[in-house]
Amino acid sequence: MSDFLNYTINGILLGQVYALLSLGFVVIYRASKVFNFAQGELMLLGAYSVWTLSLGMNLPPLLVIPLAFVAALGYGWLIERLFFRRLLGESVFSMVMVTIGLVILIRGVVLVLWGPIERQFPVLLPTMPIIIGDFLLPTNMVVGAGITLVLTVGLWYFFNRTRFGLTLTAVAEDPNIAISAGIPVRRAVTLAWMMGTCIATVGAVILLNGRSLNVLSADVAMAALPVALLAGLESIGGLLLAGAIVGVIQSLVAAYVDPRIGGSASSIVPYVFMVFILVVRPTGLFGWRHIERV
């Protein structure tokens with residue numbers, strides 16, 4: 001029984017890190033109605049920025065983290081400026097296709113600047129697990145769950161209770177009307193992309209702490225995609241529950257099914273969820289009823 005509870009708790013923690021990465025999807029979608037397929041690549045840029053500042057330039061962690069966020073803000077600003085500013089008011093399909101192109105472009109840029117060699121991501125969080133009785137909890141996942149909770153509460157309040165947060169939602173619904181109403185649409189969308197890149201960088205620090213780093217590290221963010229769909233693309237608070245559901249099932253499958261079949265069924269659990277959600281309930285558990293199909 002203690003093993004089952006251990007797997008369950010670790011699954012919840014993993015799910016909260018998925019929820020953290022999903023916040024990047026939701027923030028950008030809430031502000032621009034763009035589903036960003038390049039969120040994993042934004043995490044990759046953040047990860048290599050942290051590596052460069054920490055191991056490449058030998059800066060202390062107290063400088064690495066803030067400088068990495070400054071770099072992430074710059075990435076978000078540049079991406080919106082170069083690729084999405086001219087597409088304001090265009091069809092959702094056009095903007096989604098640009099994000100798919102970004103996947104290839106960013107991976108190419110990473111290969112040119114840092115090469116294909118596998119690198120060791122710096123250890124910025126404690127590696128010793130937290131032991132509570134019979135439970136063994138990875139410290140980075142516990143920290144990640146705490147950060148996810150704080151960010152989720154903060155972003156929920158921002159989007160639902162502040163004037164500028166409500167402005168972002170209005171911009172996404174109809175940019176042309178928002179412009180005619182005097183809303184600074186371009187500034188709002190730029191802010192959303194900058195927030196998305198910062199969230200992706202936080203996810204990189206937590207997930208890749210002390211692990212290997214290469215171009216394929218971006219794929220881990222795709223496991224967060226089903227969490228965003230399960231919660232609903234407009235839902236921020238729902239990500240906590242959706243992440244817990246996906247994380248727990250994935251953890252239990254890894255513990256009890258994978259050893260029996262000699263495979264890795266747990267790796268496809270999030271994507272099974274994604275297909276099921278899209279077929280049964282495209283708006284997710286807490287998403288708004290209207291949805292645009294691409």
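The values are calculated or read from the model by the stated rules, or taken from the named source; none is laboratory data. None of these values were measured; they are calculated from a predicted model. Using ideal geometry, Cβ is built from the backbone for each residue, glycine included, and neighbour counts are taken over all protein chains shown.
Residues in region 66-107 that are hydroxyl-bearing (Ser, Thr, Tyr) and free of Cβ contacts under 8 Å to residues at least 40 places away in the same chain: Ser91, Ser94. Apart from one condition, Asn176 fits all of (1) outside any helix (DSSP H, G or I); (2) at pLDDT below 85; the exception is (1).
May I ask you to list the residues in region 105-141 that are within 16 Å of Ser217 (Cβ to Cβ) and of a type in the set (Val, Ile, Thr)?
Residues satisfying the conditions are Ile106, Val109, Val110, Ile117, Val123.
Looking only at region 123-152, count how many residues are assigned to a strand (DSSP E or B) and within 18 Å of Ile65 (Cβ to Cβ). Adding up the residues that qualify gives 0. Inside region 220-261, residues that are touching a Gly at 6+ places or on another chain (Cβ under 8 Å), farther than 14 Å from Val17 by Cα and not small (Gly, Ala, Ser) make up a count of 6. Residues in region 108-129 that are touching a residue at least 40 places away in the same chain (Cβ under 8 Å) and of a type outside the set (A, V, I, L, M, F, W, C): Pro116, Glu118, Arg119, Gln120, Pro122, Thr127.
Of all the listed residues (Ser266, Ser235), the sole one being without any contact (Cβ under 8 Å) to a residue 24 or more places away in the chain and either surrounded by 21 or more Cβ atoms within 10 Å (Cβ to Cβ) or closer than 28 Å to Trp51 by Cβ (or both) is Ser266.
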